[in-house]
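Asker: Okay, handing you the structure first.
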Amino acid sequence: MGLLQLQLVALLVSGLVGAGGADTIGNTSQGFLEFSVGKFRYFQLNKPFPQEAILHHIPSNVSFVIFQIHSQYRNTTVSYSRTVLPSTSATGNDKGLVSILRPEQSTCTWYLASVDVKPVQSVAIPLSYSERDPIPGGCNLEFDLDIDPNIYLEYNFFETTIKFAPANLGYARDVTPPSCDTGMGQEFRWRLQYDVYQYFLPENELAEDVLLQHLQRMAQVFQVKASAAKVVTLTANDKTSVSFSSLPGQGVIYNVIVWDPLLNTSAAYVPAHTYACTFEAREGSCASLGRVSTKVFFTLFALLGLFICFFGHRFWKTELFFIGFIFMGFLFYILITRLTLLKYDVRLTLTAVAGGVSGVFLVAIWWRFGTLGLCMLCAGLVLGFLISAVAFFTPLGNLKVFRDDAVFWVTFSCITVFIPVVFLGCLRILNILTCGVVGSYSVVLAVDSYMYTSLSYITLNVLRRALNTDFHRAFTNVPSQTNDFIILAVWGMLAVSGVTLQIRRERGRPPFPPHPYKLWKQERARRITNILDPSYHLPPLRERLHRQLTQIKDLFQKKQPAGERTPLLL
């Protein structure tokens, strides 16, 4: 009996602790859920059993309440009534409703349901606002709800776009709402401003509970400002749509804070999240983004890059093949992607073939003509391309002036060409720097095919801009977390080690190897004029080939009998 009493006391204590904390776990067995203002609650939704969410004891100074519910990738529905209609409900991963309160109203009710067969783990919270706070989505003219506080998110391989409805000025209970379209002065909703925030989840983290925990930092105004990074501020005259570069496999949460500069009040929309991938796809899901062809391609590319990083200047022809492969492979991939509809694996294979042919062609040009200037121009342009991509990978790339494609590509090309021009008087240093920096970066690309790293977007963002005409409007922000700092340190260590080793080893040696074709001609002339050289007594190549063909032909001829043969006479 004493043990039973101890268990009851423990249950009471745990219940009190859960009720006093910020997060509570809901029991949906009774068919309804009770909420408190500003308190998150975890619960599960089952398809055959819709739940009733109830909020009691709403203060009299509250003008409207935003109720929002979140799940990882399975859809949920929140509705004003038991009957689900498009104009009175919202369905998705991150959805919410605005309830305008009537005079003396102290209770709100919403209805929650799941459209998935499996149980859906969800978290929900009601947030209250006063009559001075702007109403998110209060001037909606595009979506189904009359007042829509939701952020609508779309993504593809290149960009992720968020859209939201304009807000309206706040008003008291039982007061006619301000008009949305009459007047453009400071007395109307045109004075409102919208701050767009972006929040990155931990890298390589796809767990459901991690997402639901971090969503709590993006629901209320003060938490959003403290946790997320503000990307852009929009005015009421701007289009309520913002684009970002897609980061497949990286969780990102977006939210919009509408601010009334006259009253200095704010309100938050319903946050929306994305991984820029699907969880239930058989191929290319969030859990297995790296294709086998990509891993094979960049693994072999990294092995060759590591060799070039430490021995590229010594093995000059191998480096020329590496540079030619990069130079033509990048251009060929852009060309074949924009002009054809081939699958990714086919395009990658053709790119590898085209890059290999280009590498062999550059080696052949060096062997036959010895054009050092052309070879070093290709090497310098590859290094300049990487340095220019690094420059636009910084916040410099998000400046408004570079949204214009003409300005971007002209500036990008100038930085690319500027690098070989600077090192025009010291070509050996230029070549060694190219070997160390570009060769070591190939390791970063190989790591990205196995695990997420933001450093791969140094070149991927440039490739996306060349492939997609709409990518210029996207903000190219990426997370900088522990994995990125580790890989950045590895990249820097390899580059410095490779450059230092090659500079010390090449000290006192000729800057570049001699012209191969001239050496071959000199060697040939020496053999012809040198009687003591055994090769001097060799017959010409044509006679040697004719002799070999004759020997091969004799193998297939029947031997003729030798001498006279007469029959024996009896």
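The values are calculated or read from the model by the stated rules, or taken from the named source; none is laboratory data. Note that this is a predicted model, so its numbers are computed, not measured. Heads up, the Cβs are rebuilt from the backbone with ideal geometry, glycines too, and the neighbour counts pull from every protein chain shown. These area figures cover heavy atoms from the full protein model, side chains too; ligands, DNA and RNA do not enter into them. Shrake-Rupley method; radii C 1.70, N 1.55, O 1.52, S 1.80 Å.
Asker: Among the numbered criteria (1) in a loop (DSSP other than H, G, I, E, B); (2) closer than 30 Å to S241 by Cα; (3) over 12 Å from the mean Cα position of the chain (by Cα), which single criterion is violated by G425?
Answerer: Result: G425 passes all but (2).
Asker: Then there is this: Does the range 72-98 hold any residues that are open to solvent by less than 30 Å² (accessible area, probe 1.4 Å) and either touching a residue at least 60 places away in the same chain (Cβ under 8 Å) or under 13 Å from D148 (Cβ atoms) (or both), and which are they?
Answerer: Of the range 72-98, the ones open to solvent by less than 30 Å² (accessible area, probe 1.4 Å) are 72, 76-79, 89-90, 92, 94-98.
The answer is Q72, V78, S89, A90, G92, D94, K95, G96, L97, V98.
Asker: Taking only the range 403-451 into account, find how many residues are in contact (Cβ under 8 Å) with a residue 60 or more places away in the chain and touching a Leu at 6+ places or on another chain (Cβ under 8 Å).
Answerer: 12
Asker: Here is a further query. When R473 is evaluated against the numbered criteria (1) under 21 Å from F157 (Cα atoms); (2) open to solvent by less than 50 Å² (accessible area, probe 1.4 Å); (3) touching a residue at least 24 places away in the same chain (Cβ under 8 Å), which criterion, by number, is the only one it fails?
Answerer: With respect to (1) under 21 Å from F157 (Cα atoms); (2) open to solvent by less than 50 Å² (accessible area, probe 1.4 Å); (3) touching a residue at least 24 places away in the same chain (Cβ under 8 Å), R473 is out only on (2).
Asker: Among the residues in the range 75-90, are any farther than 25 Å from N168 by Cα, assigned to a loop (DSSP other than H, G, I, E, B) and within 29 Å of the chain's Cα centre (by Cα)?
Answerer: Looking through the range 75-90, at least one residue is farther than 25 Å from N168 by Cα, assigned to a loop (DSSP other than H, G, I, E, B) and within 29 Å of the chain's Cα centre (by Cα).
Asker: Is it fair to say T500 is over 29 Å from K163 (Cα atoms), among the hydroxyl-bearing types (S, T, Y), open to solvent by 30 Å² or more (accessible area, probe 1.4 Å) and assigned to a helix (DSSP H, G or I)? Even if it seems obvious, please write down each step before you answer.
Answerer: Values: over 29 Å from K163 (Cα atoms): yes; among the hydroxyl-bearing types (S, T, Y): yes; open to solvent by 30 Å² or more (accessible area, probe 1.4 Å): yes; assigned to a helix (DSSP H, G or I): yes.
Considered against the rule, which asks whether it is over 29 Å from K163 (Cα atoms), among the hydroxyl-bearing types (S, T, Y), open to solvent by 30 Å² or more (accessible area, probe 1.4 Å) and assigned to a helix (DSSP H, G or I), T500 comes out as yes.
Asker: Can you find even one residue in the range 314-322 that is out of contact with any Phe, Trp or Tyr (no Cβ under 8 Å at 6 or more places or on another chain) and free of Cβ contacts under 8 Å to residues at least 60 places away in the same chain?
Answerer: First pass over the range 314-322, keeping only residues out of contact with any Phe, Trp or Tyr (no Cβ under 8 Å at 6 or more places or on another chain): 314, 319, 321-322.
Then drop every residue that is not free of Cβ contacts under 8 Å to residues at least 60 places away in the same chain, which leaves 321.
Checked against the condition, which is being out of contact with any Phe, Trp or Tyr (no Cβ under 8 Å at 6 or more places or on another chain) and free of Cβ contacts under 8 Å to residues at least 60 places away in the same chain, the range 314-322 yields at least one hit.
Asker: In the list T176, T107, which residue meets the criterion of being within 18 Å of S79 (Cα to Cα) and open to solvent by 10 Å² or more (accessible area, probe 1.4 Å)? Before the answer, list the steps.
Answerer: Numbers: T176 fails: within 18 Å of S79 (Cα to Cα).
Just a single option satisfies the conditions, and that option is T107.
For every residue, the table says whether it meets (1) touching a residue at least 60 places away in the same chain (Cβ under 8 Å); (2) over 21 Å from R189 (Cβ atoms); (3) touching a helix residue (DSSP H, G or I) at 6+ places or on another chain (Cβ under 8 Å).
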site	(1), (2), (3)
T109	no, yes, no
Q121	yes, yes, yes
L141	no, no, no
T161	yes, yes, no
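Asker: Considering each residue of the range 319-345, count those that are within 14 Å of A466 (Cβ to Cβ) and crowded, with 20+ Cβ neighbours inside 10 Å, and give that number. So that I can check it myself, show each step before the final result.
Answerer: Step one: of the range 319-345, the residues within 14 Å of A466 (Cβ to Cβ) are 329-339.
This time we only want the ones that are crowded, with 20+ Cβ neighbours inside 10 Å, so: 329, 333.
Total satisfying the criteria: 2.
Asker: Further question: Give just the number: which of (1) modelled with pLDDT of 90 or more; (2) in a loop (DSSP other than H, G, I, E, B) does V231 not satisfy?
Answerer: Exception for V231: condition (2).
Asker: Which of the residues belonging to the range 211-228 are in contact (Cβ under 8 Å) with a residue 24 or more places away in the chain and open to solvent by less than 60 Å² (accessible area, probe 1.4 Å)?
Answerer: L211, L212, H214, L215, Q216, M218, A219, Q220, V221, V224, S227, A228
Asker: What number of residues in the range 248-274 are more than 22 Å from V78 (Cβ to Cβ), hydrophobic (A, V, I, L, M, F, W, C) and open to solvent by less than 10 Å² (accessible area, probe 1.4 Å)?
Answerer: Going through the range 248-274 one residue at a time, the tally reaches 1.
Asker: While we're here: Restricting attention to the range 179-198, which residues are in contact (Cβ under 8 Å) with a residue 60 or more places away in the chain, surrounded by 17 or more Cβ atoms within 10 Å (Cβ to Cβ) and in a loop (DSSP other than H, G, I, E, B)?
Answerer: Taking the range 179-198 as the starting set, the residues that turn out to be in contact (Cβ under 8 Å) with a residue 60 or more places away in the chain are 186, 191-198.
Checking the rest, the ones that are also surrounded by 17 or more Cβ atoms within 10 Å (Cβ to Cβ) come to 191-198.
Hit for the range 179-198 is L192, nothing else.
Asker: Quick one: Y42 ticks every box in (1) surrounded by fewer than 20 Cβ atoms within 10 Å (Cβ to Cβ); (2) in contact with an Asp or Glu (Cβ under 8 Å, 6 or more places away or on another chain); (3) in a loop (DSSP other than H, G, I, E, B) except a single one, so which number is it?
Answerer: So the condition that Y42 fails would be (3).
Asker: Just give me the residues in the range 359-377 being open to solvent by less than 20 Å² (accessible area, probe 1.4 Å) and out of contact with any Cys (no Cβ under 9 Å at 6 or more places or on another chain), in sequence order. Before you say what the answer is, go through the steps one by one.
Answerer: Of all residues in the range 359-377, those open to solvent by less than 20 Å² (accessible area, probe 1.4 Å) come to 359, 362, 366, 375-376.
Within the range 359-377, G359, C375, M376 meet the criteria.
Asker: Okay, moving on. Is there any pair linking a residue in the range 366-394 that is in contact (Cβ under 8 Å) with a residue 60 or more places away in the chain to one that is in a loop (DSSP other than H, G, I, E, B) and open to solvent by less than 50 Å² (accessible area, probe 1.4 Å), with Cβ under 7 Å and at least six apart or on different chains, and which?
Answerer: Listed by first residue and then by second, the contacts come to G370/H515; L372/F512.
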